[in-house]
Structure formats: structure tokens, C-alpha cells
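Written out below as C-alpha cells is the structure these notes cover.
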Amino acid sequence: SQTIHQWPATLVQPVGSPLSLECTVEGTSNPNLYWYRQAAGRGLQLLFYSVGIGQISSEVPQNLSASRPQDRQFILSSKKLLLSDSGFYLCAWNRARNTEAFFGQGTRLTVV
Amino acid sequence: DAKTTQPPSMDCAEGRAANLPCNHSTISGNEYVYWYRQIHSQGPQYIIHGLKNNETNEMASLIITEDRKSSTLILPHATLRDTAVYYCIVRDPGGSQGNLIFGKGTKLSVKP
């Protein structure tokens, strides 16, 4: 069966510090991978998606970047965090268009 | 932007059916309707999806109108654990392969 792992579960970082969140998927190959962010009390916003190794598309301009160094690994990064980067970050995957997506348990990031 | 409209909140008595409506009047012919739910501080969980026919699985039923401009998610016997935010989503044809664009959802409160 397929599983998705996301870590850490919670993170408190000072303004201006770097960020690296990691997501890995097991039990499937060549998944579509996604990073979403959910600000407090708001819906999920798609940040990045990837259809293959090294292929990253950004949905919104922002202070974050994403990379996919391996088929089942998706990394969300920032060189210098802003207060506005605080939120609940979710990684997700699916096999192809019009198939259901499966989400990780999320990382709650607080920038102080 | 999300292409669906949902009521912001609903209440349901435990043991009763919960009927969650969704309007998607601009849905195109190839777009599927997906339902997810998010229990507080967890990643969204896939519930069900459909194109034009009604669908049923172990979690819920999905009723799609003949013109496909609206749908209803039915939880036949709601329990307290069904309290969550329920998202109705149509796949974005202008986005990437398999993108899911989330709106604000309906917060369902199941009461004893």
C-alpha cells in the first residue's frame, strides 16, 4: 500500500532563518507531488506541484521554493523565513489527473 | 480561485443523515467532482468523487444533478467523528495535471 510521510510535525523558526520540509511517498512510482499551505482559519492554497524529477511548477509567487531530487521525494525550502510564512503545510500525491489525492499529516510552522 | 460554492457551516444530529450541498455551475464536461474532509489539524482525507453518475462507497454517497451544476454529499448516519470541514472540489483544467483547488468548505458539526 502507498503511504506518504511528512516531517517534522511542528516547527518553530525565527524570522530570517532557513527552512527545509521533506515529504516522501512509498509504494508507488512517478507520482504527482504537491505542496499546499493552510493559513489559520483559511482554506488550502496550492504552492507547488511536480509531475517528475526536477520538474517544479509554482502556482503563486512567494518566498518559498520546491525541489524534487528523487522520484518520491519533495522538498519545500526557504532561504529566509518571513512571519507571513507561518501556517500548516501539507504534502500530497496522486497518480494521474482525475484521481484522488492523498495527503500527509502536515507540518505546523510558526515563524517568530 | 475555487470553482465551487458551499455553505460555510452546517449542524447535524448524531445518527441522522448529513446532506452537504455544493454548487459548481461552471463545471466543464470533463471535470470531476471530488469531496474531501479535514478534521482539525490533520491532512485532508479523500471521501468520494464522481463525474455524472451517483456514487456510493463505505464512507458516503455522492448525488450529482443531471445538469452537473450541483451535487450533494450524504453521510447516511453521522457520528461525532464526522465533525470536520468538508471540501467540494472540481479539478482545475487550467492548472497542472491532477491539481485540486480547495475553497473554504463547509464546517459540519455533528451534535449528540
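Quick notes
- Number of residues in the range B:29-61 that are more than 9 Å from chain A (Cβ to nearest Cβ) and part of a loop (DSSP other than H, G, I, E, B): the value is 10.
- Within the range A:25-53, if we keep just the residues that are surrounded by 19 or more Cβ atoms within 10 Å (Cβ to Cβ) and among the hydroxyl-bearing types (Ser, Thr, Tyr), the residue that is farthest from A:Ala96 (Cα to Cα) turns out to be A:Tyr36.
- Scanning the range A:72-82 for residues that are more than 30 Å from B:Gly50 (Cβ to Cβ) and open to solvent by less than 60 Å² (accessible area, probe 1.4 Å) gives A:Gln73, A:Ile75, A:Leu76, A:Ser77, A:Ser78, A:Leu81.
- Failed criterion for A:Ala9 (all others in (1) within 11 Å of another protein chain (Cβ to nearest Cβ); (2) surrounded by 14 or more Cβ atoms within 10 Å (Cβ to Cβ) hold): (2)
One line per residue, one yes/no per condition, for (1) under 22 Å from A:Leu90 (Cα atoms); (2) modelled with pLDDT of 90 or more; (3) open to solvent by less than 50 Å² (accessible area, probe 1.4 Å):
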| position | (1), (2), (3) |
| --- | --- |
| B:Ile63 | no, yes, no |
| B:Leu73 | no, yes, yes |
| B:Arg91 | yes, no, yes |
| B:Ile101 | yes, no, yes |
| B:Val110 | no, yes, yes |
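- Test: B:Ile74 is without any contact (Cβ under 8 Å) to a residue 60 or more places away in the chain and touching an Asp or Glu at 6+ places or on another chain (Cβ under 9 Å): no
- Looking only at the range B:75-89, and only at residues there that are among the β-branched types (Val, Ile, Thr) and part of a strand (DSSP E or B), the one that is modelled with the highest pLDDT: B:Val85
- Residues that are open to solvent by 10 Å² or more (accessible area, probe 1.4 Å), facing chain B (nearest Cβ under 7 Å) and outside any strand (DSSP E or B) within the range A:83-109 comprise A:Ala96, A:Arg97, A:Asn98, A:Thr99, A:Glu100, A:Gln105, listed in sequence order.
- Meets criteria (of a type in the set (Lys, Arg) and either out of contact with any strand residue (DSSP E or B) (no Cβ under 9 Å at 6 or more places or on another chain) or within 11 Å of chain A (Cβ to nearest Cβ) (or both)) for B:Arg68: no
- Any strands (runs of 3 or more DSSP E) falling wholly within the range A:34-74 and containing at least 3 residues that are within 13 Å of the chain's Cα centre (by Cα) and within 12 Å of another protein chain (Cβ to nearest Cβ): A:44-52, A:55-58
The values are calculated or read from the model by the stated rules, or taken from the named source; none is laboratory data. The model shown is predicted, which means the values in this text are computed figures rather than measured ones. Every residue, glycine as well, gets a Cβ built from its backbone with ideal geometry; the counts of neighbours run over all protein chains shown. Heavy atoms of the whole protein, side chains included, go into the accessibility calculation; ligands, DNA and RNA do not. Shrake-Rupley method; radii C 1.70, N 1.55, O 1.52, S 1.80 Å.
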